[in-house]
Structure formats: C-alpha cells, structure tokens
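Peer 1: For reference, the structure I am asking about is given below.
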Amino acid sequence: MEDIVCNGCSLLCDDVSAEVSGKNVNSLGFCKLGHTHLETAITHKIGSIEKKLVKAAEILVNAENLFLYGWTRTINEAIIERLKIASTLNGHFASSADLGSMQAMSHSIHSQGLDINLEYVRNNGEFIIYWGSDPSESLHRHPSRFAVLPRGEKIPEGIESRTIGVVDVRETETMKMANHRLILPAGSDAELLDTVISELEGKSLIKDTVLGIPVSELIGFVRGLQKSECTVIFYGSGVINSGNQDANLSGIAKLVEVLRSSGKEAYALPMFVQSNTMGATKAAFEGKSGANSLQRLISREFDTVLVVCDDVLANLPGPAAKALAETRIVYVGQLGGLTDNRATVSIHTVDTITAGSGSMTRVDMDDIKLNNGTEINY
Ligand code: SF4
C-alpha cells in the first residue's frame, strides 16, 4: 500500500493509503466517497493527446475574447499556470469559488484569512456547530478526523468531551449524532442568530417557540454556548447560498464576537466542498482573478472558453450555462459530462488522486503536498 492524498473533497485526507491492481482497489482510511472517487479515477485513460493539443492551441490563440473557467479541482501550481495563460492571451477567468466561497472569504468574518485550522479544532473544539452544512453528504471524515470523535489536548474523552449542535432547514444525517438539533425555515438563519445573540446578551428572554423551534431546544442551545470554552461554527452552503449570505455571515460574525466578549474562544470556519476551492480563492485574493467575469459571460462577451476540470455546463446557473454553451469550448479534464460532450476539443487527463504532485489547499487554508501515483500506478 502507498500513502497518498485523497482529493475527493476539500479535506484532502493525507492519512490514507491505497493499492491498485488491475481493476481492483484496496484502500485504507478512505471514506466511501473517497474510495469511490479513486475507483472511478483509475478507469480514466488519456490516450494520445498531441493532435488535440495543437487544435486546442489554435483555438485559444485565435480567440477574440477568451474566458477561462474552473481550476477548483486542480493543484495550486496549475492555478498559477492559469494566470500565465490569461495574461498571455488576454483572457478573463472565474471559477465555482466565485459562487459564494469568494464572497464568504472576503466578508469581515474572515477578512481573507482564518484564525485557526482543523488541528486546533481537534485539540480544543468543545461546542461544535454545523450550521447549514452536512458533512455526512460532502466532507465525510470531517467529524471523525477533526471535529467530533477524536480526542485532543483539551478534549480528553473525544466525543464525550464535546457538545454537537446542528442547525439546518431539514433533518440531516449529521443531526443523528447531535446534542442540539435546530430545524428552521429556509432563509431565517439571520433571524435565529439575532434571537440567540439577544438571549446571550440578556436583552430579551426566549419565552415562546421561535421559528418553529421549541423553547427548550433553543434555551439548551444557548446554554451550550454559554458553557463552552471553545465554540467552532462550521457554516456551509445553507448559509452562503441561501440568497441571504451577507446577513447570515454578519450574524455568525456577531455571535463569535459576543462569545469572545464574554471571555470564551469562538471561531467560524467554512465548509467548502470541492477539493481546491480554497486554493482558487486564495489565488484570487492575490490578485489573480478577474471581477464580474460571470456577468460578462452572460452578456455574451466571450467567444471562446477554456474549461479545466469542471463540468461547468452541469454546475453553472442557467443563464451562464446557456451563454457558455454558445461559445467554442476547449475542455481539459476527466472523461464524461455535459461540458466534455459539448466541447469543440476535449483533452482528457488523469485525476490527481492517481497521478498528482504539487499541492492543494485544504478547506482550513493549510497547503497539503501531493505525492500520488508512484506505487499506485496501474
Ligand atoms: S473525507 Fe474527502 S478527502 Fe477524506 S477520504 Fe473522504 S473524500 Fe477523500
């Protein structure tokens, strides 16, 4: 077995190993999602790409107005290459990070940085809150590696020493292991945050059901916050893609501030899902991204699009996907999907889980080095 880094999600687990023999995959430490990802990746064969490269280069060089999209699943070194291509061919670029993640990291709640990493959570996180995020659907090993199960320096008993809260618009798998489960109507996160903050500040007392949440549940949640020495709120797509992103993030930032002002530790961390969303976001902060590129795509400003490692036609909102489908598409990435099928030229690549070097940036902004594909070559 060879130690590798799984790129199935933004946790980039570097404590896993795998062995591939023909079509058989043996893995150790992977979650189901990661194992399936590896099984799928080994079926990707790239074949000869020389002629396709020449054709792709011709299209890109002759583009009048070039748009570059993707790179949230590539290594950081490839993100730097994107900058060079954009600069050489005078292109503009965007990625799925523009749809929420970038705004979250630009918000004053983070100001482009994070206060702690996941190892800090493992060692200190006492009250863990998943707010609008469900690791059982996306970042499977988040609870077992970092936030819920493991023991840590100040968490001697693991899960027994932690309190878990889940706030969501529906019952989720993650709720099954939670001490506090708050189910609220869609779009009312900011209102709930206001209520919790008022109770913590003693400005108003909860006496009645709030947003359908029973008084005992809500009071228990607030008492949990008051007791905890270190609270960590992991917010996800329910917070940043609900159309109320700014108010939601401001509410979480205020909650963190109120807890800190009472002498406790409190932090908010994002739960972006795609393996290198944070790398793409960091690169954008370093001045390597264009502004309003998606809007310009919708306005039909681009005639050619280079898409890298993203089935963008399946993932973009309708108007942007429609505009993109009307351009000449050069696709670089794994075989299959709407974008691959629609592209004028497709250059298929192997997945970095089977052949990857360089680095990707974990969801807590830590860079993780890859060294995949030496022994698991197939
Ligand atoms: S949690 Fe994510 S990175 Fe870790 S093994 Fe599962 S899919 Fe891979």
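Peer 1: With r defined as the distance between the Cβ atoms of Glu81 and Ser108 and R0 fixed at 30 Å, what FRET efficiency is calculated, to the nearest 0.05?
Peer 2: Computed FRET efficiency for Glu81 and Ser108 comes out at 0.40.
Peer 1: Hey, what do the phi angles of the range 270-285 turn into as Karplus ³J(HN,Hα) couplings, whole Hz, using 6.51/-1.76/1.60 and θ = phi - 60°, x for Gly and Pro?
Peer 2: Result, ordered by residue: x, 10, 5, 9, 5, 3, 10, 4, 5, x, 5, 5, 4, 4, 5, 5 Hz.
Peer 1: To one decimal place, what orientation-averaged projected area in nm² is obtained for the convex hull of the Cα set of the range 1-97?
Peer 2: Projected area, direction-averaged: 7.9 nm².
Peer 1: If you consider only alpha-carbon coordinates, what radius of gyration and Dmax does the range 92-156 have, in Å?
Peer 2: For the range 92-156, the Cα-based Rg and Dmax read 14.4, 50 Å.
Peer 1: A further question on this structure: Hey, got the Cα dimensions of the range 161-256 along the principal axes, in Å, largest first?
Peer 2: Extents along the principal axes, in whole Å: 30, 30, 26.
Peer 1: Once you've got the GNM for the chain with C-alpha springs shorter than 10 Å, pick whichever of Gly29, Gly91, Gly279 has the biggest mean-square fluctuation.
Peer 2: Per the Cα network of the chain with a 10 Å cutoff, Gly29 tops the list.
Peer 1: Take every Cα pair under 8 Å in the chain that's 6+ residues apart, average their separations, divide by the length, and report that relative contact order as a whole percent.
Peer 2: Reported as a whole number, the value is 26 percent.
Peer 1: Would you mind checking which residues have amide H under 5 Å from Met271's amide H? H placed 1.01 Å from N; only 5 or more apart, or other chain.
Peer 2: Tyr235
Peer 1: What are the residues whose amide H is under 5 Å from the amide H of His92, where those residues sit 5 or more places off or on another chain and H is modelled from the backbone?
Peer 2: Placed amide hydrogens put Leu66, Phe67, Leu68 under 5 Å from His92.
Peer 1: Still on this model: From the helices alone, meaning DSSP H stretches of at least four residues, give me the mean residue ellipticity at 222 nm for the chain, per-run term -39500 (n - 2.57), in deg cm²/dmol to the nearest 500.
Peer 2: It lands at -9500 deg cm²/dmol.
Peer 1: Over the alpha-carbon set of the range 314-371, divide Rg by the Kirkwood Rh and report the Rg/Rh ratio to two decimals.
Peer 2: 1.10
Peer 1: Using only Cα atoms, what Kirkwood radius does the chain have, in angstroms?
Peer 2: Every distinct Cα pair counted, the radius reaches 22.1 Å.
Peer 1: Rounded to the nearest 0.05, what FRET efficiency do Asn292 and Ser216 give with R0 = 45 Å and r taken as the Cβ-Cβ distance? Could you check?
Peer 2: 0.40
Peer 1: I'd like to know which of Ile252, Pro150, Met102 lies farthest towards the positive end of the charge dipole of the chain, counting +1 on Cβ of Lys and Arg and -1 on Cβ of Asp and Glu.
Peer 2: Of the candidates, Met102 comes out farthest on the positive side.
Peer 1: Related question: Sorted from largest down, give the three principal axis spans of the alpha carbons of the range 233-378, whole angstrom values.
Peer 2: Sorted largest first, the three principal extents are 59, 47, 26 Å.
Peer 1: For Val25, enumerate residues with amide H under 5 Å from its amide H, sequence gap 5+ or separate chain, H modeled in the peptide plane.
Peer 2: Sorted by chain and number, the residues that satisfy this come to none at all.
Peer 1: Using the alpha-carbon centroid of each, what span in Å lies between the range 150-200 and the range 60-109?
Peer 2: 35
Peer 1: Return the single residue from Glu301, Glu81, Glu265 with maximal mean-square fluctuation; model: Gaussian network over the chain, springs between Cα atoms under 10 Å.
Peer 2: Comparing Glu301, Glu81, Glu265 in the GNM, the peak value goes to Glu81.
Peer 1: Can you give me the Rg/Rh ratio for the range 101-270, using Cα atoms for both radii and the Kirkwood formula for Rh?
Peer 2: Checking Rg against Rh, the ratio lands at 0.93.
Peer 1: Helix 215-227 sits at what angle to the longest principal axis of the chain, using alpha carbons and giving 0 to 90 degrees rounded to 10?
Peer 2: So the inclination is approximately 80 degrees.
Each reported figure results from applying straightforward, stated rules to the coordinates on display, with no laboratory input. Everything quoted here is computed from the prediction, not taken from an experiment. Reconstructed Cβ throughout: ideal geometry from the backbone, glycine too, with neighbour counts over all protein chains shown.
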